1. Counting residues that are open to solvent by 60 Å² or more (accessible area, probe 1.4 Å), which strands (runs of 3 or more DSSP E) fully inside segment 22-93 reach at least 2?
2. Which condition does residue 150 not pass, out of (1) over 22 Å from residue 82 (Cβ atoms); (2) assigned to a helix (DSSP H, G or I), if it passes all the others?
3. Quick one: which of 120, 124, 170 is closer than 22 Å to residue 78 by Cβ, touching a Ser or Thr at 6+ places or on another chain (Cβ under 7 Å), touching a residue at least 12 places away in the same chain (Cβ under 8 Å) and of a type outside the set (Lys, Arg)?
4. Restricted to segment 117-130, and to residues that are at pLDDT below 95 and of a type in the set (D, E, K, R), which residue is most open to solvent (accessible area, probe 1.4 Å)?
5. Take the residues in segment 114-130 that are acidic (Asp, Glu) and more than 13 Å from the chain's Cα centre (by Cα), then tell me which one is farthest from residue 164 (Cα to Cα).
6. Take the residues in segment 131-150 that are surrounded by 15 or more Cβ atoms within 10 Å (Cβ to Cβ) and either more than 19 Å from the chain's Cα centre (by Cα) or of a type in the set (A, V, I, L, M, F, W, C) (or both), then tell me which one is farthest from residue 89 (Cα to Cα).
7. Please specify each residue of segment 96-105 satisfying the condition of being at pLDDT below 95 and either of a type in the set (A, V, I, L, M, F, W, C) or open to solvent by 50 Å² or more (accessible area, probe 1.4 Å) (or both).
Amino acid sequence: MPADNVIERTSSETDTITFRKPESQDGSRVHKLISECKPLDENSVYCNLLQCTHFADTSVAAEMDGDLVGFISGYIPPKQQNVLFVWQVAVHEKARGRGLAKRMLAELLQRDESADVQFIETTITPDNEASWGMFRSFAYQRSMPTEEFILFDSRIHFAGEHNDEYLLRIGPFNREEA
């Protein structure tokens, strides 16, 4: 089982990326990272502080050369203990093209806190091709089934001011497959 901090080399072998659980001091860094990763929805710094503290066990921070270059926020819904819900994935431009998002996701699934997880769920707008591609590729590489449906309708839930949010569900699987 990996330790809380996992060090991996990128494909170039020149940059080291470290994965770890976020801490309270990361809240403002996460907020800055997300603001630099358009078109991600920005939350308040306070929300990011909660992600880095209350949800640290199911979130991951990725650092390269001392900079925060990746972050996944997630949680295990109270009534669905076998689901890891991925709230947001952010990868800084300088760390893109290295499979970082999929590596962070795999790191989350290997943690002891994910021992009962059999499904990954996330919501994605129809036009977010990068997110669709990353999650589908993650599932395909691991031969995991997927299903999708509208979870939050633009008209009903967002008064027409936000795109539909589709739920993408990956699984079931077990940790050895992840």
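The values are calculated or read from the model by the stated rules, or taken from the named source; none is laboratory data. Just so it is clear, the model here is predicted, and its values are computed rather than measured. Please note: Cβ atoms are built from the backbone with ideal geometry, for glycine as well, and neighbour counts cover all protein chains shown. For accessibility, only protein heavy atoms count, side chains too; no ligands or nucleic acids. Shrake-Rupley method; radii C 1.70, N 1.55, O 1.52, S 1.80 Å.
1. 67-75
2. Here residue 150 meets the rest and fails (2).
3. 170
4. 129
5. 116
6. Across segment 131-150, the extreme among qualifying residues is 144.
7. Of everything in segment 96-105, those that are at pLDDT below 95 and either of a type in the set (A, V, I, L, M, F, W, C) or open to solvent by 50 Å² or more (accessible area, probe 1.4 Å) (or both) turn out to be 96, 97, 98.
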